[in-house]
Amino acid sequence: MNIYLLNLLRLVHVVAGILWAGAAISYLFFVKPSVTAIGAAGPQFMKNLMERRKYPIFMMVTSLLTVIVGGALYWVFSGGFRLSYLTSGAGLGFTIGSIAALVAFLFGAFGISPTSARMGALGGQIAASGQGPTPEQIAQMKSLEKRLNFAEQVDFIMLVIAMLTMATARYWNF
């Protein structure tokens, strides 16, 4: 493969990965706690972030771009998934990082995204009623929040593992 194309793919992979992980970590440690702290204005802020600023689309595009381009690079550098590469130090590091990134992507796409959407829809129903939440709605919201917190924690851990292993894999010589 052309060296310029490989370098372009590397650049796209790294920049998209930085944006994906950085946005996820910033959300988890700064945005989410701030939304909780501001109280009644929190849902309005989240609605703006999700609908007007298109945060879910940004996360899906950056994560998908990272995974697709990373998969192409992995295929090329592993020689089509050669076992000799996969069991080398660098190959093992990139394999662990790739699996962690895929788990993070799947938790984002099938855990965080749909749960957040359900929470937003439920919040919209509560707001539209003008009466406040029913006990059922409160229980449902708490259940969704618990599921979301779990998915976000797994996503964070997997992204950190992916970043650490991919940043250091070339130096794994055992």
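The values are calculated or read from the model by the stated rules, or taken from the named source; none is laboratory data. Predicted model, so just to flag it, every value in this text is computed and none were measured. Neighbour counts are summed over all protein chains in view; Cβ atoms, including those assigned to glycine, are modelled from backbone coordinates with ideal geometry.
Quick notes on this structure:
- Taken together, Pro43, Pro56 contain a single residue that is more than 27 Å from Ala169 (Cα to Cα), over 15 Å from the mean Cα position of the chain (by Cα) and touching a residue at least 60 places away in the same chain (Cβ under 8 Å), which is Pro43.
- Of all the criteria given as (1) without any contact (Cβ under 8 Å) to a residue 60 or more places away in the chain; (2) at negative phi; (3) not polar (S, T, N, Q), the one not satisfied by Ile161 is (1).
- Filtered by the rule that a residue be within 28 Å of Gly71 (Cα to Cα) and touching a Phe, Trp or Tyr at 6+ places or on another chain (Cβ under 8 Å), segment 28-54 gives a lone residue, Leu28.
- For segment 1-15, a tally of residues being among the aliphatic types (A, V, I, L, M) and either in contact with a strand residue (DSSP E or B) (Cβ under 6 Å, 6 or more places away or on another chain) or loosely packed, with under 10 Cβ neighbours inside 10 Å (or both) returns 1.
- Restricting attention to segment 35-67, the residues that are in contact with a helix residue (DSSP H, G or I) (Cβ under 9 Å, 6 or more places away or on another chain), among the β-branched types (Val, Ile, Thr) and closer than 22 Å to Ala104 by Cα total 4.
- Qualifying residues in segment 93-113 (those that are within 19 Å of Pro56 (Cβ to Cβ) and without any contact (Cβ under 8 Å) to a residue 24 or more places away in the chain) - the one farthest from the chain's Cα centre (by Cα): Phe110
- Filter result for the condition that a residue is in a helix (DSSP H, G or I) and in contact (Cβ under 8 Å) with a residue 60 or more places away in the chain, over Ser84, Ser116, Ser143, Ser63: Ser116
- Yes/no for Gln125 being surrounded by fewer than 17 Cβ atoms within 10 Å (Cβ to Cβ), assigned to a helix (DSSP H, G or I), at pLDDT 95 or above and not charged (D, E, K, R): no
- Exactly one residue out of Ile57, Ile99, Ile68 is surrounded by fewer than 17 Cβ atoms within 10 Å (Cβ to Cβ) and within 20 Å of Ile157 (Cα to Cα), and it is Ile99.
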